[in-house]
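Some notes on the structure that comes next.
Computed from the coordinates by the stated procedures, all read-outs in this text should not be read as laboratory data. None of the values given here were measured: they were computed from a predicted structure. Every residue, glycine among them, receives a Cβ derived from its backbone with ideal geometry; neighbour counts consider all protein chains shown.
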Amino acid sequence: MTLIKSISGIRGTIGGELGDNLTPIDVVKFASSYGQWLKENKPGKKLTVVIGRDARISGDMVNSLIESSLLSVGIDVINIGLATTPTTEMAVTGKRADGGIIITASHNPAQWNALKLLNDKGEFINAEQGERLLQIAEENSYKFVEIDDIGVVVERCSYDNEHIEAVLAMDHIDIAKIKARKFKVVVDAVNSVGGTIIPELLRRLGVEVVELNCEPTGHFAHIPEPIPENLTEIAALVPQVNADFGIVVDPDVDRLALVNPDGTMFGEEYTLVAVADYLLSKVKGNTVSNLSSSRALADITEKHGGSYSASAVGEVNVVAEMRATNAIVGGEGNGGIIYPALHAGRDALVGVAFMLSFLAEENVTLLELKSRYPKYHISKNKIELTPAIDVDDVLAKMKVKYANEKVNDIDGVKIDFPTEWVHLRKSNTEPIIRIYSESKDEAAAEALAAKIIKDIKDICNI
C-alpha cells in the first residue's frame, strides 16, 4: 500500500494505515491544506474551487471528503461531477474559479486514487507551490472557519458540452471534411469518464461510434494504462467490425492511444508526433516533449523548420518549457497532447479532433500515416523499489559509468548514444524506477534496456 506526494499530486491506494495510504483522514488533510494554500495566495478574497472526478469506485467517497473539507475552510465549490482531467482544467478558467481539484489516479489500477491540484489558470501547481502545500499539511497549519464563514456549493453541473464546443471551434478542425469521410471508430474508455464525452465528440463530427467499455462504472474492464498488452480486446474488435481505427483513453482522458485498422497499435509515442506534423504543416513553430519521449518528434519538427526542446517529465514541466520556447504544440510520449491555444494541459479530445482532420484532409488511413514517420521503438521497463535501493545513489553511479556519453540529469539520468537513448528516473506516481529505452527496432531497444537493468542490479547487488 502506498501514499505518494509529488509534482503529480497526492496519490495513493485507498484504505489501510493513516499516512501510508490515501485514507479519508489523508484526503481531508491535503484538501484542507490546499484550501489554506489558496487563501495564503489570495488573502481576503472569497475563493471558489472546481472539483471534477473520474469514474473509479472510490471517487464518490473522495469527492464528498474533498468538498466538505473545502467548505470547512471557507471556500465555495463548483462541482462538475464526472469529468475528464482536461474538462476540469478548462472549467477552472471557464467558471473563473481560483483553483481546482481533479480526483483521479489517471492510469493507475482501481485501488488507487489521487488529488491533482490546479491553480487559477487551470494548470497543475508547480514544485515550489507544492512544497508549501505539503509544509502546511505536515504542520497541520490549516484552519477551519466559524459557522458564518463556511463555504457553499455554488453549482453542481456538467462542463462536458463547453469542452466539446471549444474543441470543435479550434483552428484547423475541418468539420465538413471529417463528416464527408464517414469514419467508423471503436472507442475503449475503460469504463470511466471518456465513455461519455469521447463518443459525443465523435458523433458531433459525424463519426459512427462502436462503444467498448464506455459505461462509466469505474469497474475497469482491463488494466487502465493504454499500452499494447492491455488493449487486446479493442485490437481484435477494430478489424472485426471493419472500423477505420480505434481510440483508447485512460480513466481521466488526458492520454490518447490509437489502434490501426488491422488491429496493430499506432503507438502512443506517435500520437503527439502525428498531431504535431499536422499542426506544423499549418503554422510554423516549435515543439516540446519530455525526456522520456521519442526522437521522432524532434525529427518531424526539424522537417517543418521548427525547433524542438525536451523538458523534465511531468505536465507542469512540459508546459513551462513550452512557454519558454513559444511552442505551438507539445506533450508527452504517453499519448498526451498539449495545445496551448486551447488550454495548457494534456487533452485526448484535442488529439482526437486533430487526428480526424489530418486523416480527412490527407485522405489516408492511419496505417498509411504511420508509414511516413521515422521508425523508432521504445521499450518501457521498471524496477520495483525496496527500502534497500537508494535511487539517488543508483542514478549518480550510472551517470559516472556513462560519463563518456551525452548525459542529461535535469530529471533522473538520460544517456544519449549516437543511435539510441535510455532514460532512468524515479516515478512521480508509483514506487518504481522507470527505465525507458529507444532504438531503431524492438530487439535493439529491449537489448539496451536489459543491459541497463543489469548495470543497476549489479550496482544495487540485487
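L367: net charge of surrounding residues, Cβ under 12 Å, Lys/Arg +1, Asp/Glu -1, itself excluded? It would help to have the intermediate numbers written out before the result.
Working: positive: K370, R372; negative: D244, D262, E368.
In short, -1.
Considering all alpha-carbon pairs of the stretch 209-288, what whole percent are spaced by more than 20 angstrom?
Details: 1226 of 3160 pairs.
For the stretch 209-288, the fraction of Cα-Cα distances above 20 Å is 39 percent.
Can you tell me the Rg and Dmax of the stretch 3-158, counting just the alpha carbons, in angstroms?
Both quantities, over Cα of the stretch 3-158: 13.9, 41 Å.
Please report, in whole Å³, the volume per residue of the convex hull around the C-alpha atoms of the stretch 1-82.
Details: hull volume 7.4 nm³, N = 82.
It comes to 90 Å³ per residue, whole-number rounded.
Could you tell me what % of all Cα pairs in the stretch 53-104 have separations over 17 Å?
Values: 433 of 1326 pairs.
Of the Cα pairs, 33 percent sit more than 17 Å apart.
Less than 13 Å Cβ to Cβ from A445, Lys/Arg counted +1 and Asp/Glu -1: what total charge do the surrounding residues give?
Details: positive: R295, K375, K380, K440, K451; negative: E269, E420, E438, D441, E442, E446.
Residues close to A445 contribute a combined charge of -1.
Would you give the gap between the C-alpha center of the stretch 154-207 and the C-alpha center of the stretch 218-247, rounded to a whole Å?
After rounding, the separation between the Cα centres reads 19 Å.
Can you give the net charge of the other residues whose Cβ lies under 9 Å from the Cβ of Y278, counting K and R as +1 and D and E as -1?
Values: positive: K282; negative: D277, E361, E362.
Around Y278, the surrounding residues sum to -2.
Which whole-Hz couplings ³J(HN,Hα) result when phi for each residue of the stretch 280-289 is put into the Karplus expression 6.51 cos²θ - 1.76 cosθ + 1.60, θ = phi - 60°, listed in order with x for Gly and Pro?
5, 6, 9, 9, 6, x, 10, 9, 9, 9
Let me know the Rg and Dmax you get for the stretch 150-251 when you use only its Cα atoms, in Å.
Cα radius of gyration and Dmax of the stretch 150-251 are 15.7, 56 Å respectively.
Dividing the Cα convex hull volume of the stretch 163-370 by residue count, how many Å³ per residue is that? Write out the running numbers ahead of the final one.
On the way: hull volume 21.4 nm³, N = 208.
Here the figure is 103 Å³ per residue.
If you take the alpha carbon radius of gyration of the chain and divide it by 2.2 N^0.38 Å, what ratio comes out, to two decimals? Present the calculation step by step, with values, prior to reporting the outcome.
Details: Rg = 21.7 Å, N = 462, 2.2 N^0.38 = 22.6 Å.
The chain yields a ratio of 0.96.
Among 439-447, 331-339, 108-116, 123-131, what's the highest-first ranking by average C-beta atoms within 10 angstrom per residue? Don't skip to the end; give the middle numbers.
Details: 439-447: 15.2, 331-339: 27.6, 108-116: 21.3, 123-131: 16.9.
Highest mean packing first, the order is 331-339, 108-116, 123-131, 439-447.
Which peptide among 255-268, 293-306, 48-61 comes first, and what is the full order, when sorted by highest mean count of other Cβ atoms within 10 Å? Spell out each step's value before the answer.
Details: 255-268: 22.2, 293-306: 19.5, 48-61: 24.0.
Per-residue mean Cβ counts within 10 Å order the peptides as 48-61, 255-268, 293-306.
Bins of 5 Å, beginning at zero and ending with the bin holding the largest distance: percent of Cα pairs per bin for the stretch 382-462, please.
3, 15, 28, 27, 18, 8, 1, 0
How many nm is it between the label spots at K45 and A180, if each spot is 7 Å from the Cα in line with the beta carbon?
Simple spin-label model gives 4.7 nm for this pair.
Can you grab the distance from the C-alpha centre of the stretch 85-145 to the C-alpha centre of the stretch 396-427, Å, no decimals?
31
Just to confirm my numbers, what's the Cα centroid distance between the stretch 328-383 and the stretch 438-462 in Å?
About 27 Å separates the Cα centre of the stretch 328-383 from the one of the stretch 438-462.
Suppose each label sits 7 Å from its Cα in the direction of the beta carbon; what would the T93-F144 distance come out to in nanometres?
Rounded to a tenth, the inter-label distance reads 3.6 nm.
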